[in-house]
Amino acid sequence: MSIRVQNLQKIYGQQKAVNDISFSVNKGEIVGFLGPNGAGKSTTMKILTGYVKPSSGTALVCGINVASQPLEAKSKIGYLPESNPLYYDMYVKEYLNFIAGIHRLPNKKSAIDRVIEMVGLGPEQKKKTGQLSKGYKQRVGLAAALIFDPEVLILDEPTTGLDPNQIIEIREVIRKHGENKTVLFSSHILQEVEAICNRVIIINKGELVADDSVAELQMGRGQLHIVAVEFANEVLPDIFHPAFEPNEVQMLTSNRFRFHTNNPELFRRQLRALASQHDLDIVTMISEGQSLETIFKELTGKNEQ
């Protein structure tokens with residue numbers, strides 16, 4: 001396992017920022033690390049990268065205990081923190097040369113050229129980092145995290161400030177890197193997580209509330225199930241009442257409806273009975289996956305992000 005967290009806790013005074021969480025991430029996985037603001041995501045990432053010590057529990061990276069062997073662990077990790085630390089008086093290449101020197105790379109020039117092309121920094125590479133837009137500053141931070149080809153990549157909100165085209169480009173960089181590495185990243189853009197992640201870990205108020213594949217979560221691990229139904233002919237929505245509550249029925253077209261239910265098996269039986277009663281032909285009845293946004297709201301108790 002590239003990342004292993006066991007019974008991790010971080011306490012600040014009376015507040016448990018991270019409360020006894022455990023999870024692991026294997027090589028070749030891209031895992032989204034989600035939670036509302038203040039859930040403990042950044043604290044967990046800072047513990048994993050050796051910038052904050054846990055109150056209890058263990059964090060291992062490539063089998064190395066981060067707390068007792070921080071330098072050895074950091075040599076395996078490319079890290080982009082939420083607050084991207086840059087030296088604004090340095091030129092882009094100068095800064096990357098500095099980072100390459102810290103990692104004692106044997107051929108700094110080729111490493112710098114490679115990573116500039118990888119993250120799309122070419123047009124801005126001759127500017128000082130302080131002159132860059134927020135999106136390009138993020139690219140410089142990502143380049144610094146990738147320059148030494150780390151085994152583990154930990155990214156805290158890596159696409160902050162990027163426009164939609166830039167997000168797609170950086171998403172491809174992350175996806176390519178995750179083919180034979182380990183990637184753990186947080187994001188508030190849930191569509192981005194759905195597009196790129198194999199798996200999702202969700203924490204809320206410092207506690208782990210979900211750890212599963214995106215597909216499994218979407219197919220009903222939450223309480224709400226969605227069933228899409230198509231009838232052979234036009235159907236008046238009134239026939240579904242009072243058997244179904246108004247908020248359970250969504251009309252898509254005159255013969256296509258989406259139903260929300262907490263018990264899909266019971267719903268199917270009820271709908272078939274109703275269709276027989278009104279002489280309706282059901283063409284298709286398909287369970288739809290929930291959106292990650294819906295699951296997130298259910299598990300974190302948030303009505304808004």
**Message:** Please give me the summed charge of the neighbours of Met285: other residues whose Cβ is under 14 Å from its Cβ, Lys and Arg +1, Asp and Glu -1.
**Reply:** +1
**Request:** Among DSSP beta bridges whose residues both lie in the stretch 3-216, state the antiparallel percentage, nearest 5.
**Result:** 60
**Asked** What residue among Ile282, Ile47, Ile147 shows peak mean-square fluctuation when the chain is described by a Gaussian network model with Cα springs under 10 Å?
**Response** Ile282
**Complete:** Taking every alpha carbon pair in the chain and sorting the distances into 20 angstrom bins from 0 up to the bin holding the longest one, the percent per bin comes out as 29, 45, 21, 4
**Item:** Global geometry of the stretch 113-167, whether rounded, prolate or oblate, following the gyration tensor of its Cα atoms and the 1.5 cut on a/c
**Value:** oblate
**Message:** Using a Gaussian network model on the chain with a 10 Å cutoff between Cα atoms, which of Asn37, Asn233, Asn204 fluctuates the most?
**Reply:** Asn233
**Item:** Using θ = phi - 60° and Karplus 6.51 cos²θ - 1.76 cosθ + 1.60, couplings along the stretch 70-76 (whole Hz; Gly, Pro as x)
**Value:** x, 5, 5, 5, 5, 5, 9
**Asked** Hey, which of these cross-link pairs are over 31 Å Cα-Cα: Lys10/Lys297; Lys109/Lys176; Lys16/Lys127; Lys134/Lys176; Lys128/Lys205; Lys76/Lys109?
**Response** Lys16/Lys127; Lys128/Lys205
**Asked** Hey, got the Cα dimensions of the stretch 1-89 along the principal axes, in Å, largest first?
**Response** 39, 33, 26
**Item:** Semi-axis lengths (Å, descending) of the ellipsoid that matches the C-alpha gyration tensor of the stretch 225-289
**Value:** 16, 13, 12
**Request:** Compare Thr44, Thr294, Thr284 in a GNM of the chain, Cα atoms joined below 10 Å, and give the one with the largest fluctuation.
**Result:** Thr284
**Prompt:** Any idea what angle helix 134-146 forms with the longest principal axis of the chain, computed on alpha-carbon atoms, 0 to 90 degrees, nearest 10?
**Reply:** 70
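How much mean residue ellipticity at 222 nm does the chain get from its helices, if each DSSP H run of length 4 or more adds -39500 (n - 2.57) and you divide by all residues, to the nearest 500 deg cm²/dmol?
Dividing the helical sum by the residues of the chain leaves -9000 deg cm²/dmol.
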**Request:** Relative to the longest principal axis of the C-alpha atoms of the chain, give the angle of the C-alpha long axis of helix 164-177, reported between 0 and 90° and rounded to the nearest 10°.
**Result:** 70
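Throughout, read-outs are computed from the coordinates displayed, never taken from laboratory work. Since the model is a prediction, treat every value here as computed from it, not as a measurement. Note: ideal-geometry Cβ built from the backbone for every residue, glycine included; neighbour counts use all protein chains shown.
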